[in-house]
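So the structure is just underneath, and the comments pick up after that.
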Amino acid sequence: MADNGNATPEGNGGENLGGLPAQAATPTYAPETIALMEKKQWKTDADIAKGYTELEKFVGKDPKSLLTLPTDEKDEAGWDAVYNRLGRPETSDKYAFKNETGIELDADSLKSFNEMAHKERYTQKQYEAGLKAHLEVFKNLEAKANQAAEAEFKACDEALDKEWGQDRQKRTAEALEVAKKVGIYEALEELKLGSNPKAIKMLDTLRQMMTDDEIKLGSDKTKLSVQEEVKKLIDSESYINGLHPEHTKTMNRLKELYGVK
């Protein structure tokens with residue numbers, strides 16, 4: 001048969017008469033594979049192989065390394081296993097935190113937070129972020145409270161200067177003497193209220209209401225009742241621990257004992 005230059009002989013090793021490689025057959029994929037390739041924008045078998053390689057790097061070569069999510073929300077053990085794999089410590093005391101906030105956190109408060117975090121399945125990373133945010137909030141609240149207290153102190157101090165004028169030093173000394181006679185001076189100093197203008201004003205009012213004899217007669221009873229309550233409050237956990245839920249209430253009660261609002 002004459003060669004017209006158009007025929008492609010069989011068994012020629014994959015080449016046509018012009019010496020060009022024959023076109024490879026297009027692989028046939030399942031519909032779900034085609035959909036995945038379109039979603040991932042994979043065009044060739046090499047793309048698929050690369051995708052699988054990246055998957056192995058992520059989950060490991062062991063099929064057991066894949067996370068299996070529980071189907072039941074009440075499957076506590078199942079969810080615990082998931083979050084333990086994601087980074088939750090085995091027990092609450094295994095959490096680690098480097099406190100750089102400047103806020104002191106007592107052991108009991110830290111223990112309570114750790115137990116809460118573990119119960120809520122915090123990973124180590126979530127725990128660090130949560131505790132840091134908690135302390136930063138407290139730090140900001142404390143700073144605002146100190147600023148407000150300083151502003152109030154300044155306003156009261158200026159008002160007392162204006163009211164007493166040149167007698168300020170004398171009347172302050174007399175007011176503090178009353179505090180010593182009724183047995184609350186040391187408590188005032190411990191609470192850093194010895195120079196508080198509101199406390200001084202209250203003691204001056206008390207001085208004017210009572211004669212020296214009345215102060216002496218009432219001193220033992222007043223000293224006993226006030227000192228006992230003040231000591232009880234100062235020794236309490238709610239006074240020592242700034243994060244205690246009763247801390248504000250305790251501080252307010254201490255101020256009430258001295259007529260400080």
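The values are calculated or read from the model by the stated rules, or taken from the named source; none is laboratory data. Please read these numbers as outputs of a predicted model, since none were measured by experiment. In this analysis, Cβ positions are derived from the backbone assuming ideal geometry, glycine residues included, and neighbour counts consider all displayed protein chains.
Within region 104-126, residues that are of a type in the set (A, V, I, L, M) reach partners that are assigned to a helix (DSSP H, G or I) with beta carbons closer than 6 Å, at six or more positions or on different chains, in the pairs Ala117/Tyr127. All conditions but one from (1) at pLDDT 75 or above; (2) polar (S, T, N, Q); (3) within 23 Å of Glu177 (Cβ to Cβ) apply to Gln227; the one that does not is (1). Restricting attention to region 82-98, the residues that are more than 21 Å from the chain's Cα centre (by Cα), surrounded by 15 or more Cβ atoms within 10 Å (Cβ to Cβ) and not β-branched (Val, Ile, Thr) total 0. Return the residues of region 182-203 that are more than 17 Å from Glu229 (Cβ to Cβ) and crowded, with 19+ Cβ neighbours inside 10 Å; say none if nothing qualifies. Scanning region 182-203 gives Asn196, Pro197, Lys198, Ile200, Lys201, Leu203. Considering only residues that are basic (Lys, Arg) and either in contact with a helix residue (DSSP H, G or I) (Cβ under 6 Å, 6 or more places away or on another chain) or at pLDDT below 85 (or both), which ones fall in region 99-131? Arg121 - this is the single residue of region 99-131 that is basic (Lys, Arg) and either in contact with a helix residue (DSSP H, G or I) (Cβ under 6 Å, 6 or more places away or on another chain) or at pLDDT below 85 (or both). If you go through region 161-198 and keep only what is among the aliphatic types (A, V, I, L, M) and at pLDDT below 85, you end up with Val178, Ala179, Val182, Ile184, Ala187, Leu188, Leu191, Leu193.
Of all residues in region 21-66, those satisfying the criterion of being more than 30 Å from Leu86 (Cα to Cα), assigned to a loop (DSSP other than H, G, I, E, B) and modelled with pLDDT under 80 are Ala22, Gln23, Ala24, Ala25, Thr26, Pro27, Thr28, Tyr29.
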